[in-house]
1. Spot the failing condition for Pro120; the list is (1) under 17 Å from Pro52 (Cβ atoms); (2) loosely packed, with under 15 Cβ neighbours inside 10 Å; (3) under 18 Å from the mean Cα position of the chain (by Cα), and only one is missed.
2. Looking at segment 99-124 only, could you name the residues that are more than 18 Å from Pro59 (Cα to Cα) and either charged (D, E, K, R) or in contact (Cβ under 8 Å) with a residue 12 or more places away in the chain (or both)?
3. Every residue in segment 23-51 that is at pLDDT below 90, touching a helix residue (DSSP H, G or I) at 6+ places or on another chain (Cβ under 8 Å) and exposed (fewer than 15 other Cβ atoms within 10 Å of the Cβ), please.
4. Please go through (1) surrounded by fewer than 16 Cβ atoms within 10 Å (Cβ to Cβ); (2) closer than 30 Å to Gly23 by Cβ for Gly54 and return the number of the only condition it doesn't satisfy.
5. Which one of the conditions (1) among the hydroxyl-bearing types (Ser, Thr, Tyr); (2) under 12 Å from the mean Cα position of the chain (by Cα); (3) exposed (fewer than 12 other Cβ atoms within 10 Å of the Cβ) does Thr84 fail to meet, given that it meets all the rest?
6. When residues of segment 9-64 are filtered for being closer than 30 Å to Arg82 by Cβ and not aliphatic (A, V, I, L, M), how many remain?
Amino acid sequence: MQIEIDLKGMEQIQQMLSRLQKGLSDLTPVMKEIGEELLANWQLRWKQEKNPYGEEWKPLAPSTLVRRRKGKGSGPAAQILRDTGRLQNSFVPVASRDSVCIGTNVFYAPFHQFGTRYIPQRMLLPMERLPDEDKEAIFDILEKHLARLTRA
């Protein structure tokens, strides 16, 4: 005895599964998009002089304001961690097939990220957990990617 089942539309399901398999085997483009979005979010908070969790950075010390280069970054409009822009502009996302890393090669970044005896901590990148806003951005990007893969 033999039973045959003919499922109409099986080709579409097979095509969708193939697209999913192919699209999920290398997520580099998605990871790149996630990295760029997270970096944009952190850059916006940087301009607001806030850490990735939205908490304000400690203000500049009077001694720092005095040391700032003449005519640049001094007075009431002095911006925290933006004297030259070198540090802020140095962060880049590096994507691979299953992860993204955002970092910098500026040697003094850890002094600000973690603080020192003389420099207060001004967190540049999230530590331990991602802010909820960033998690939502990641989910949105992943949902869009999956939707593109499952469209016929």
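1. With respect to (1) under 17 Å from Pro52 (Cβ atoms); (2) loosely packed, with under 15 Cβ neighbours inside 10 Å; (3) under 18 Å from the mean Cα position of the chain (by Cα), Pro120 is out only on (3).
2. Result: Ser99, Val100, Cys101, Ile102, Gly103, Thr104, Asn105, Val106, Tyr108.
3. Leu24
4. (2)
5. Exception for Thr84: condition (2).
6. Total meeting the criteria: 26.
Let's see how each residue does on (1) aliphatic (A, V, I, L, M); (2) at pLDDT below 90; (3) out of contact with any strand residue (DSSP E or B) (no Cβ under 8 Å at 6 or more places or on another chain); (4) surrounded by 12 or more Cβ atoms within 10 Å (Cβ to Cβ):
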| position | (1), (2), (3), (4) |
| --- | --- |
| Ala61 | yes, yes, yes, yes |
| Thr64 | no, yes, yes, yes |
| Lys72 | no, yes, yes, no |
| Gln79 | no, yes, yes, yes |
| Val94 | yes, no, no, yes |
| Val100 | yes, no, no, yes |
| Pro126 | no, no, yes, yes |
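The values are calculated or read from the model by the stated rules, or taken from the named source; none is laboratory data. What you see is a predicted model, and the numbers here were worked out from it, not measured in a lab. Virtual Cβ from ideal backbone geometry, glycine too; neighbours counted across all protein chains shown.
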